[in-house]
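Reviewing the structure listed below.
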Amino acid sequence: MAAMTRDTLGGPINVTGAMEPGFAVEALRYFSGWTDKLSGETFPEEDVFFKLVRQEPLGVVSGIIPWNAPIGSACAKAAPALSTGNCFILKLSEKTPFADLAMGSLAKAAEFPPGVLQVLSGDGSTGAIIANHMRLRKVSFTGSTATGKEIQEMAAQSDLKRVTLELGGKGPALVFGDAKIKNTVTWSLVEEKTKLVGDPDDPNSFVGPVVDESQFNRAMGFIKRGNSQGTVLVGGNRVHDKGCYVASTVFTDVAEDAEIIRQEILVQWL
């Protein structure tokens, strides 16, 4: 599965081959431990009423995952749903489908009951069918804020199904006014820049290519527009003659409301 992710995502072998599968295994082990720990609660009788709270599965639930962490995202959504007695429909990204399609085959080989775990590939239209389906009780989505808003609306219009959204965010690094900017840049990114941006099969590579040409063009568009929103201190260019490689990039003098600060871009920059 890690090799399949590397082939479609372009993630370096030391990430897709170790970090992400490790996270996936941890999620499966943790949530499997909850299968025998879910129970109800009872309360003392008052006014001749006996009170019982019982936890029950929702039924058929779904997860829609992004392209940038297919194995980890799939297990993080599937494991809690299955361990609490639900049937789970996993909708993959059309950009990185192979690893999780293999997970469906593994579930079948492990003799999961038919229909308990279903794996679908497809683009946004498939996700829309899931979000609009009247018999699904919940949808968990990870992706862009714009798509998350659409899913929230579709869920509201289809019997108010429950929704969990993990939407595009930013990872801030706080630099205070009395900091030495050169030291900060060296610590936060220039040090990372020395790590090889290159072939994902090379164990020395720390950053691989962007997932596809569409995402590459999107990232380069952000950089181009960013030149009018700030100053490029490091990077801001394509790396290598072939492939969708983007250099580690640092912008300075950027306004708080600038696009490059507020939008999730999914390349390595600060």
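Restricting attention to region 56-73, the residues that are under 22 Å from Thr8 (Cα atoms) and touching a helix residue (DSSP H, G or I) at 6+ places or on another chain (Cβ under 8 Å) total 10. When region 128-150 is filtered for residues that are at pLDDT 95 or above, within 21 Å of Cys75 (Cβ to Cβ), within 21 Å of the chain's Cα centre (by Cα) and buried (at least 22 other Cβ atoms within 10 Å of the Cβ), the ones remaining, listed by number, are Ile130, Val139, Ser140, Phe141.
Any residue at all in region 98-105 that is out of contact with any helix residue (DSSP H, G or I) (no Cβ under 8 Å at 6 or more places or on another chain), assigned to a loop (DSSP other than H, G, I, E, B) and among the hydrophobic types (A, V, I, L, M, F, W, C)? No; the residues of region 98-105 include none that is out of contact with any helix residue (DSSP H, G or I) (no Cβ under 8 Å at 6 or more places or on another chain), assigned to a loop (DSSP other than H, G, I, E, B) and among the hydrophobic types (A, V, I, L, M, F, W, C).
If you check Ser214, Ser205, Ser228 for being touching a Leu at 6+ places or on another chain (Cβ under 7 Å) and among the small types (Gly, Ala, Ser), only one passes: Ser205. Restricting attention to region 84-122, the residues being touching a Phe, Trp or Tyr at 6+ places or on another chain (Cβ under 8 Å), aliphatic (A, V, I, L, M) and crowded, with 17+ Cβ neighbours inside 10 Å number 1. Between Val250, Val210, Val267, the distinction of being at negative phi, part of a strand (DSSP E or B), in contact with a strand residue (DSSP E or B) (Cβ under 8 Å, 6 or more places away or on another chain) and outside the structural domain of Asn68 (by TED's automatic domain parsing) belongs to Val250 only. Of all residues in region 225-242, count the ones that are outside any strand (DSSP E or B), surrounded by fewer than 17 Cβ atoms within 10 Å (Cβ to Cβ) and under 26 Å from the mean Cα position of the chain (by Cα). Qualifying residue count for the region: 2.
In region 32-50 there is no residue that is farther than 26 Å from Gln215 by Cα and crowded, with 16+ Cβ neighbours inside 10 Å.
Say whether the condition of being over 21 Å from the mean Cα position of the chain (by Cα) and at pLDDT below 95 is met by at least one residue in region 88-106. Yes. When Ala81, Ala76 are checked against the criterion of being of a type in the set (Gly, Ala, Ser), in contact with a helix residue (DSSP H, G or I) (Cβ under 6 Å, 6 or more places away or on another chain), surrounded by 21 or more Cβ atoms within 10 Å (Cβ to Cβ) and not in a strand (DSSP E or B), a single residue qualifies: Ala76. Scanning for something surrounded by 22 or more Cβ atoms within 10 Å (Cβ to Cβ), of a type in the set (A, V, I, L, M), closer than 21 Å to Phe112 by Cα and in contact with a Lys or Arg (Cβ under 6 Å, 6 or more places away or on another chain), does region 56-63 turn up at least one residue? Scanning region 56-63 turns up at least one residue that is surrounded by 22 or more Cβ atoms within 10 Å (Cβ to Cβ), of a type in the set (A, V, I, L, M), closer than 21 Å to Phe112 by Cα and in contact with a Lys or Arg (Cβ under 6 Å, 6 or more places away or on another chain). Would you mind stating whether Ala2 is without any contact (Cβ under 8 Å) to a residue 60 or more places away in the chain and buried (at least 16 other Cβ atoms within 10 Å of the Cβ)? Criteria not met by Ala2. State yes or no: is Glu26 under 26 Å from Leu266 (Cβ atoms), of a type in the set (Asp, Glu), modelled with pLDDT under 95 and under 21 Å from the mean Cα position of the chain (by Cα)? No, not satisfied.
The values are calculated or read from the model by the stated rules, or taken from the named source; none is laboratory data. Small disclaimer: the values here were computed from a predicted structure and weren't measured. Every residue, glycine among them, receives a Cβ derived from its backbone with ideal geometry; neighbour counts consider all protein chains shown.
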